[in-house]
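Some notes on the structure that comes next.
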Amino acid sequence: MQKCGFQDTPIKETADECLGLSEYASALSEFIVKCETPMTIAIQGDWGSGKTSMIHMIINQLPSEVVPLYINTWQFAQFDRQADIAVSVLTEFVDGLDNDKKNDSADMAKKILSTFSRHAGKVAAMAEMVGIPGGLIESAGKLAQNAIGESSDSQRIKDLQVKIKTLVEKRKASSGVDRFVVFIDDLDRLSPDKAVEVLESVKLFLDLSGCVFVLAIDYQVVVKGVAQKYGSAMDAQKGKDFFDKMIQLPFNMPVGQYNVQQYMKKMLEGIGSTVKDEEIQYYQELAEASIGFNPRGMKRMFNTLLLLRLVAQHKKQNVDDAMWQRVLFALLCLQASFEPIYRYLTSRNNLVEKDITQFYAASTDAVPTQGPAYEEVVDELKAVGPLAPMRAARFMQVFFGALQLDSEGDKNSLSRKELDLLRGVLSLASLTTTETKKELDSERRHQNRAFIRRVIKRMNEP
C-alpha cells in the first residue's frame, strides 16, 4: 500500500531538501571547520522554521576530523526533568566525549554533576553570575554555599571546569580530531527561563578551546526567558545585550529566501495533485497572506488538504478539479488564521458576494454597519491585535481572487457558479477546524451586546 501524508521530521540530506537551504548549510559547515575556538553560534528562527533540518544538513557536511555531538534538550524536558536540565545537558556533553567510558576525568566530572543534580537549580544559580567582572568562580561558589550550605562548592565548580577541559584535550589527542562541534537543539521547546539556564551553563562551563557550540533557538524565547528569570527590569534591550554576550555568531533561518514555489509543488505532488506553475502562485499568495511560510505549518496544512480530498473522494466529489482544490486550500488558510471570518461565512444561510467583500475594510470605521454578527467578527479580530483586522482585510482580497473560476472573467464580482462552489466546499472544510463550533447568537444576545456598546460609548464621552 502506498503511504501518504507528511511527517514532521527534519531533512537530513541536502539532496532531499527543496527549500534552497543547502548553500547556507555548506557555508555554515565551512565556518565551523575554520573558525577560531571557542565559538558559539545561534541558529535562530520560529518554531518549525527548519532549524533542526539545518543542523542535520550541517552535520552531514562536516569532515572526519571534526566530531559532532548532538544534544536534544527536549528529551530532558520530559517527566519533570526541567528542574536540572542544565545539569542534564552538561552530563550529555561529558558522555559524548567519554567514548571509551574509561576516562578518569569524565568519571570525576559526572560525579560532580551528580552532586549538582541533587540540588535542583544550583547550576542555574551559579550561572547567573556569568558576566560579573572579577571573582566569578568565587562569587558563584558563595551563592551556591548560601543556597545549600556546602562550603566546597566553589572548589567543585573549579574542579568541574578543569575536568571537562582535560577530557576535551585527552579526547582530541587520542582520536586525532581537530575540534568538537556540539549541537544543542530544541531550546525553544523549553520554558524560556530554562532555555536561558542552558545558555548560561554553556557559557560558564563549556567555553573551551577546540569546541564550537551551535544552538537552535528562537531569539524571542531568550528575551522572554531573561525577563522571567531576572524580573521586569530586564527590558528588550537588556535581553538583546544578554543574547549578544552569549552568542558570537547569530544566523537567522532564511525564511524569506525559501523556494516557496518549489516546496508547494512538492507538497501538491505528495498528495497526488498535479497543478500548473501558474496555479501554484495562488497557493503561495494565500499562504503568505494568512499562515505565513513555515515548513511545519505547511506540512500540517497539506495533511489536512489530503484528508479532505480523501473524504471528498469517498463522497464521489470531483477532487481532481484544480479549482475545487484551490478553494478548499483557501478556506483552510482562512480557517487557520482568521477563524471568526470563517465561522461567519459558514453561518450564512445564503452566502453572497458581499459577505466576503465587506471584510476588505474591516480595519477601518468607514464600513457601514452590516449587523450584529459582522460587528462581533470585527471585534474578535481587533481583540487578537491591532494589526489583525488589516491582515484579515488583505487576506480576504487574495481569497476573493482565488475564487475566480475564469481567469478572463470579471475580477470584481463572483458568478453564481463560483459562489455555489464556495458553499459546497465550506461544509467539507469544517471537518478539520480546531475550534468548537459556536452556536449562532440569539437576537436577545445581539441586543445585549448593542446595549453594552452604547453604555461604553456614553461612559467614554467627556
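The values are calculated or read from the model by the stated rules, or taken from the named source; none is laboratory data. Just so we're clear, the structure is a prediction, and the values are computed from it rather than from any experiment. Every residue, glycine among them, receives a Cβ derived from its backbone with ideal geometry; neighbour counts consider all protein chains shown. Note: areas computed on protein heavy atoms with side chains; ligands, DNA, RNA excluded. Shrake-Rupley method; radii C 1.70, N 1.55, O 1.52, S 1.80 Å.
Remark: accessible surface ordering of 26, 49 (largest first) is 26, 49, probe radius 1.4 Å. Between the beta carbons of residue 430 and residue 387, assuming R0 = 35 Å, the FRET efficiency works out to 0.85 to the nearest 0.05. For the pair residue 357 and residue 420, the difference between a 0.36 nm per residue extended length and the Cα-Cα distance amounts to 21.0 nm. With each label modelled as a point 7 angstrom along the Cα→C-beta vector, the residue 173-residue 347 pair spans 7.5 nm. Extension gain for residue 252 to residue 35 (0.36 nm times residue separation, less C-alpha to C-alpha distance): 76.3 nm. Surface listing: 189, 171, 416 arranged by accessible area from highest to lowest gives 416, 189, 171, probe 1.4 Å. Classify region 243-373 from the C-alpha gyration tensor, please: rounded if a/c falls under 1.5, else prolate or oblate depending on whether a/b exceeds b/c. Because a/c hits 1.5 or more and a/b fails to exceed b/c, region 243-373 counts as oblate. With the simple model of a label 7 Å out from the Cα in the direction of the Cβ, residue 375 to residue 307 spans 3.7 nm.
Residues whose amide H lies under 5 Å from that of residue 182, counting only those 5 or more places away or on a different chain, are 69, 212, 213, 214; hydrogens are built 1.01 Å from N in the peptide plane.
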